[in-house]
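Data block below; observations after.
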Amino acid sequence: MDQIIVRGNGPLKGEIPIAGAKNACLTLMPATLLTDQPLTLTNAPRLSDIRTMTALLQSLGAEVAGLQEGQVLALSSHALTSHRADYDIVRKMRASILVLGPMLARDGVAEVSLPGGCAIGARPVDLHLRALEAMGASLDLRDGYVHARAPHGGLRGAVFEFPLVSVGATENALMAATLARGTTVLKNVAREPEIVDLARCLRAMGARIEGEGTGTLTIEGVDALHGATHPVVTDRIELGTYMLAPAMCGGEVECIGGRIELLEAFCEKLDEAGLVVEETARGIKVSRPNGRVRAVNVTTAPFPGFPTDLQAQFMALMCLADGTSILEETIFENRFMHAPELARMGARIEVQGGHATVHGVETLRGAPVMATDLRASVSLILAGMAAEGQTTVSRVYHLDRGYEHVVRKLRAVGAHIERVKED
Ligand code: UD1
């Protein structure tokens, strides 16, 4: 298995191109299942999660070709040869559940393995299932699979209010509703930019949707969707992660393709911490004036709140802040696994339930650490870049799920980072 070696750094300078969003692409790809015509996604990120979704769609009979070194995905689901999403693929990636709604809406039948637990919490899929049930689906949970059937004549439009905001359940229900008979009103839906991107793509495919980016989606079902070409929205989590690089090490980095509207709550926290964040013609530029950043408190929340997917990286910054900060995690119940790893580097963090209290220290020291999940792994790299000496991050396969060319992108702005094979 590979490792990443990071040596503490001076100020960074340069630019980093930001890729298309992993989480948007993972919901746009299953949209191919809604039509027999081709769907082309441009600005796709090159990541192992995208390869996993490709394998899943191919196992159902879809054709998926990566063009232009994988930045363009040509998808076509002329006819589905299987309606079963197998445990072997689903267990690798929870987003596999997103094939359920489209398959059910198009062909009236779907079998999808239940994703099971994951490192950052229990993460059930009950809301996905309840929304589809409201549209008339009958569901049977047996042998670890959801066996779903649409009523005779297909799914029906319905009014459904989500008891809590779920990104994935909103996406599944939205896709299913595009082909349901009549009008569907989904209330208390997620408002993430990835949902807006999905709605735009579905609309380009002929769907009738209103309200994306608000708490209510209204979908008028149509008989069939057609092909489209759609550019994947910028990855706001990759963007936020690289915005933290100059925050940690000093210097100035421009993230190309970034926009503040994707990350307003996060940008406000960087501002409070004393960083300079400016929108430029090409993206977002972040610089750190001399001296330490200030400690600030953060509570994660659904969009437009502070994203849970940037909590680990922000904690790395707070480890070096002047003062004490409290980070509250409200989305996932077990998402502080990076804290003990950061502590190995000299960070002072106390975790109690959903709160982490971070007492800023003047210096971190390099150490061997272990990546526990995708966002945790990159927080350790950021910490390593600001630490004295050498940090070795193992289990970096987590990183390959969500960050394309991380070593190349960080080296381009002056970071001392390399990837090596473990002995
Ligand atoms: C998506 C993102 C993930 C991000 C998360 C929250 C993708 C592929 N992943 O995950 O990176 O961290 O949004 O912004 O887009 N829940 C239920 N029942 C359900 C569904 C969810 O109780 O049926 C709970 C979850 O356990 C969690 C909360 O709702 O506590 C939010 O989860 P959700 O928004 O669904 O996250 P994902 O779509 O899995």
* **Estimated vicinal HN-Hα couplings, Hz - region 107-113 in sequence order (Karplus 6.51, -1.76, 1.60; Gly, Pro = x)** => 10, x, 8, 7, 10, 10, 4
* **Reachable lysines from LYS285, criterion Cα separation under 25 angstrom, eight or more residues apart if same chain** => LYS13, LYS22, LYS269, LYS409
* Structure fact -> Long-range amide H partners of GLU333, meaning residues 5 or more apart or on another chain whose placed amide H is closer than 5 Å, are ALA122
* Asked: Quick one: putting +1 on the C-beta of Lys and Arg, -1 on the C-beta of Asp and Glu, what dipole do you get for region 22-231 around its Cα centre, in Debye to the nearest 20?
  -> 180
* Under the definition of Cα pairs under 8 Å and six or more residues apart, what whole-number percent is the relative contact order of the chain? -> 21
* Structure fact -> The answer for region 1-118, accessible area per residue at 1.4 Å probe in Å², is 36
* Asked: Given H placed on each backbone N at 1.01 Å, which residues far from VAL298 in sequence or on other chains put an amide H within less than 5 Å of it?
  -> ILE326, LEU327, GLU328
* Looking at the square roots a ≥ b ≥ c of the eigenvalues of the Cα gyration tensor of region 212-290, which shape do they give, rounded for a/c under 1.5, prolate if a/b is larger than b/c, or oblate? -> prolate
* Asked: For region 227-328, with every protein chain kept in place, what is the accessible area per residue (1.4 Å probe, Å²)?
  -> 33
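Given a 1.4 Å probe and every protein chain left where it sits, what share in percent of the accessible area of region 22-231 is carbon and sulfur? It would help to have the intermediate numbers written out before the result.
Working: 3830 of 8080 Å².
On region 22-231, the fraction of accessible area on carbon and sulfur atoms equals 47 percent.
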* Residue by residue, what Karplus-based ³J(HN,Hα) values in Hz, rounded to whole numbers, does region 245-259 have, using 6.51, -1.76 and 1.60 with θ = phi - 60° and x for Gly and Pro? -> 4, x, 5, 6, 9, x, x, 9, 10, 9, 9, 7, x, x, 9
* **Two-site label geometry, ARG294 and ARG419: point separation in nm, points 7 Å out along Cα→Cβ** => 3.9
* **Calculated FRET efficiency for the pair ALA301/HIS355, C-beta based, R₀ 22 Å, to 0.05** => 0.90
* Structure fact -> Mean separation of Cα contacts under 8 Å (at least 6 apart) over the residue count of region 22-231, i.e. the relative contact order in percent, is 20
* Per-residue HN-Hα couplings for region 327-344 [Karplus 6.51, -1.76, 1.60; θ = phi - 60°; Hz; x = Gly/Pro] -> 10, 10, 9, 10, 8, 10, 7, 9, 10, 10, 5, 6, 4, x, 5, 5, 5, 5
* To do: Mind ranking 200-206, 373-379, 336-342 by how tightly packed they are, going by the mean number of other C-beta atoms within 10 angstrom, highest first?
  => 373-379, 336-342, 200-206
* Structure fact -> Non-local residues with an amide H under 5 Å from the amide H of ALA19, with H modelled 1.01 Å from N and Pro and chain starts lacking one, are ASP235
* Please state the charge dipole magnitude for the chain, taken about the Cα centre, from unit charges on C-beta atoms (+1 on K and R, -1 on D and E), reported in debye and rounded to the nearest 20. => 360
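The values are calculated or read from the model by the stated rules, or taken from the named source; none is laboratory data. Keep in mind it's a predicted model, so treat the numbers as computed, not measured. Quick reminder, even Gly has a Cβ in these numbers, built from the backbone with ideal geometry, and neighbours come from all protein chains shown. Note: accessible area is taken over every heavy atom of the protein model, side chains too, but ligands, DNA and RNA are not part of it. Shrake-Rupley method; radii C 1.70, N 1.55, O 1.52, S 1.80 Å.
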